[in-house]
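No lab work stands behind these numbers, since they all come straight from the coordinates. This one's a predicted model, so the numbers in the text were calculated from it and none came from an experiment. When we count neighbours, we look across all protein chains shown, and the Cβ atoms used for this are built from the backbone with ideal geometry, even at glycine.
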Amino acid sequence: MGTPVAQTNPSWPRLLVIPAYNEEQNLPRLFADLEGRPSLYTPGSRIFIVDDGSQDGTASVVSGYRGPLPVELVRMGKNGGPGAAFARGFGEALAAHPGESFVITLEADNTSDLDVLDPMLACAADGAGLVLASVHGGGRMLNVTRSRRILSTGAGVAVRRALALDARTVSSFFRVYRASVLRTAVARHGDRLIQERGFACKAELLVKLTALGVTVAEVPVDLDASRREGASKMPVLRTMVGYGRLFVRERLQRESAKA
């Protein structure tokens, strides 16, 4: 959907932005998974782990990493939620490489199958400005609680209907953006690009990028909660409230634009 964009160069740097809140147990396995994909890292590629005010050893795991990955620690200082972490991580990534690149976002808890990165990058190389790893567009949710499954499915349906989006998965962290798309969005919205500090931030970004005419593609992915050590960090009730705020704010803005 949206307006097609120019052909991309598959050799562009890959800038990974990964929020992490109390992920001391999961980061070593994530690093091992990423280390097993050396072809992912073209010249200039970097991995930004955004420590969102963790209370465990997350920052120490990142700062103590001595492997081959181009890992950098970004400290938030205090917990601001994934929206704040993504905003900071995008800022760091876009400042690190002024040219075009692929900006990859994903969870720090290993729940997404990184084997789909190649087809996601291929979609971006074919012209998509944003590629979603889609659990509800052919993928599966495995070993996930009923409340999480209901929230994820319900959020997708509600966002599609309320905001007229043609996307099956709206809340997953796992995405590939063109850096130029993010720069255009920042130029348009400034500090208001990500107003939702919680998990609803991903739906908010999708809404705003779609409004800019960005071409969005989806690649099926399985999400397996058994790969994660510890509980999910997503607060169900607070996330539902965040979606409610997003719906009201977007509707008011659309009505104001028509007036």
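Mind giving me the FRET efficiency for D118 and D56? R0 is 41 Å, r the Cβ-Cβ distance, nearest 0.05 is fine.
0.80
Label D166 and H189 with points 7 Å out from Cα along Cα→Cβ: what is the distance between them in nm?
Distance between label points: 2.1 nm.
Tell me, what HN-Hα J-couplings in whole Hz come from the Karplus equation 6.51 cos²θ - 1.76 cosθ + 1.60 at θ = phi - 60° for each residue of segment 185-193, using x for Gly and Pro?
5, 5, 4, 7, 10, x, 5, 8, 4
What are the residues whose amide H is under 5 Å from the amide H of T42, where those residues sit 5 or more places off or on another chain and H is modelled from the backbone?
R14
Which trypsin sites (Lys or Arg not before Pro) in segment 57-133 sit in a loop by DSSP (not H, G, I, E or B) and have at most 11 other Cβ atoms within 10 Å of their own Cβ?
Within segment 57-133, the qualifying trypsin sites (Lys or Arg not before Pro) (loop, at most 11 other Cβ atoms within 10 Å) are R66, K78.
Taking the Cβ-Cβ separation of L142 and E35 as r and a Förster radius of 22 Å, what is the calculated FRET efficiency to the nearest 0.05? Write down the numbers at each step before the final one.
Values: r = 24 Å, r/R0 = 1.09.
Once rounded, the FRET efficiency stands at 0.35.
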